[in-house]
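The structure under discussion appears below in the form of structure tokens.
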Amino acid sequence: MDASQTVATWVGTLFTAVGLGSLIAQSSTITNQLDPFYSFRNLEHLGLWADRQEKPKWYHLNKQPPVGPVITASVTNGFCGGNVVRLTRKPTAEVGKVGWTALLSVLHPAPGPPKAPVPNGVLEEKLAPTIDSAERGIAGRTPSQSFVGWNALHRQPLHKHGESACLAIDRRTFIALLSIQNGRVIFNYSGPAGLRASYPAYNGIWYIEWPIGGPAIARFSHYVTEGKECYPAFVSVRVDKCINMLAGIVETGTSKIAFPGRKGSGEWVLEFEARGYDGAHGSRLLYNILGGKSHEVAKLFQRRAANDIGETVYVAKLAVPSVDDNNRKAILYIRARESEILQESLDCLPWSSINWSLHRGMKDILVAYGKATMDFYRNALALVLKDRVKECSQMLIKRGWDPAFVWESMPDMAYNAVMAGAGNSGNAVRVLTDAALQSWTKGEEDLDRTCFWEAHYRTPGENKEADVGVLDEDAVIALTKYVVLESSQELDYQMYHELPMEMLMA
């Protein structure tokens, strides 16, 4: 009797074990079937981020959503904690189907560990609890010491939308990204069906879809290029300077000066107002959205000219585009004080090796103010840059330029980029700026401050024709910055009106 009970007990235990084993074996399949992200956790969809997911425990029946990086950008904290960002045309890592993996494969931190980024904007409260071990430090190291690429970024759970595992970004980050990547609008529709827009940039293209009643979706696609690049792989940009130029703000040694937007046709007088930006309309709200402090900024504004403007003392008269029609100009009168401010602004234009996404009012005024001088020196600058490419070919090759390109194409490209007087080619700007740098013997930080424009206007009576063929390094840099300005594209600084506070990046 005892033996039969023992056998029965063991048989029951065996069947129970087999049953439990079967349930355990099937639990993984059941969990996968219940997982809405099941088909989005692979390398094909998430790229390298598929290997950066936490491995779930076998006994967890409910899988947590996969995680992606927290992407933030502002004028104060830069992009993901670093002010200098390096752009590439070709992805440097495995790219998945979702656009945010492509974005982080063509945007790169500057060499060296940046400060640990802090979530900000509308996502701050939602994302703060999701910080993982990468931010707390690995094996006793600090976050900056363990920083490799974008590995140290904060993490956030992804959102399923359609066939994508989407990343949440806020409005200011999207606008800042456009400025960093030299984005410009080529298509924009806003109507009863919602919003659709397209923004090509230096290293990819953005698409925005915001249907009525649905979430706003931002998609990024990198350009597909074949063969070897003729240009150095990386080009660096500064986030704060990109945002300033979009907002129409120039930083001088002692102040920040904001430029006005376009006005209607007719006659206007340019006037300076200290600390007047906080009461402006224009780009002031954008600057605050992007992390700036408008109360610290002075303002240039346009006042409707009185009937007796002809009797007023002014030193320059500019014809600039109007909001009415590009063929109907607005006439802008410049007095002595404001003329000196424009000279200082031209000398204090920040250095950039690619085009700007630019505040059109600032571009209108500065390009018009400096045009006569630029045209006078244009051929001389073009010849200087052409010669510098030839003389410094080995140095350019060491910087990463393709040898055949430097010898055969680069001299003429530098010359033509200056002589064109307009354009939107980021590649041409890279050519002429690297050529100009071959004449520069000072530090990189000195590129933002030249003395050419102020000196030129202080001595208007001198016979400059005799020295037009002799441009010193200060003149070469100052005039090159002007060419970058006139080659830059406008981007609507009031685009924030059309965008929601939060978007999903697919």
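The values are calculated or read from the model by the stated rules, or taken from the named source; none is laboratory data. All values derive from a computational prediction rather than experimental measurement. Here the Cβ is made from the backbone with ideal geometry for all residues, glycine too, and neighbour counts use every protein chain on show. In case anyone asks, the SASA skips ligands and DNA or RNA and just uses the protein heavy atoms, side chains included. Shrake-Rupley method; radii C 1.70, N 1.55, O 1.52, S 1.80 Å.
Observations, loosely collected:
- Global form of the range 155-237, assessed from the alpha-carbon gyration tensor, a/c cut-off 1.5: prolate
- The heavy atoms of Trp210 offer some 80 square angstrom of accessible surface to a 1.4 angstrom probe.
- For the range 192-316: rounded, prolate or oblate by the Cα gyration tensor [a/c cutoff 1.5]: prolate
- The range 229-340: antiparallel DSSP beta bridges as a percent of all, rounded to 5: 70 percent
- Summing charges over all other residues whose Cβ lies under 11 Å from the Cβ of Tyr38, with Lys and Arg as +1 and Asp and Glu as -1, gives +2.
- Taking a sphere under 12 Å around the Cβ of Tyr277 and counting the other residues whose Cβ falls inside, with K and R at +1 and D and E at -1, yields a net charge of +2.
- Here Asn307 and Glu226 are evaluated by their C-beta separation; at R0 = 45 Å the FRET efficiency comes out at 0.10.
- Area accessible to solvent at Phe452, 1.4 Å probe radius, in Å²: 20 Å²
- About its Cα centre, the dipole of the range 398-454 is roughly 80 debye, where the only charges are +1 on Lys and Arg Cβ and -1 on Asp and Glu Cβ.
- Computed on protein heavy atoms with a 1.4 Å probe, the accessible areas place Arg172, Arg328 in the order Arg328, Arg172, largest first.
- Taking every C-alpha pair closer than 8 Å and separated by at least 6 residues, the mean separation divided by the residue count of the range 324-424 gives a relative contact order of 26 percent.
- If you sort the three axes of the alpha carbon gyration tensor as a ≥ b ≥ c, you get a/c of 1.5 or more for the range 248-325 and a/b above b/c, which makes it prolate.
- Placing dummy labels 7 Å off each Cα toward the beta-carbon, the span from Glu54 to Ala193 is 4.2 nm.
- Segment Glu209-His161, extension gain: residue separation times 0.36 nm, minus the distance between their alpha carbons: 16.0 nm
- Mean Cβ neighbour count within 10 Å, used as a protection proxy, ranking 393-404, 154-165 highest first: 154-165, 393-404
- Taking a sphere under 11 Å around the Cβ of Leu432 and counting the other residues whose Cβ falls inside, with K and R at +1 and D and E at -1, yields a net charge of +3.
- Highest average packing first - 193-199, 240-246, Cβ atoms within 10 Å: 240-246, 193-199
- Spin-label pair Trp407/Ser425, simplified geometry with 7 Å Cα→Cβ offset, distance in nm: 2.2 nm
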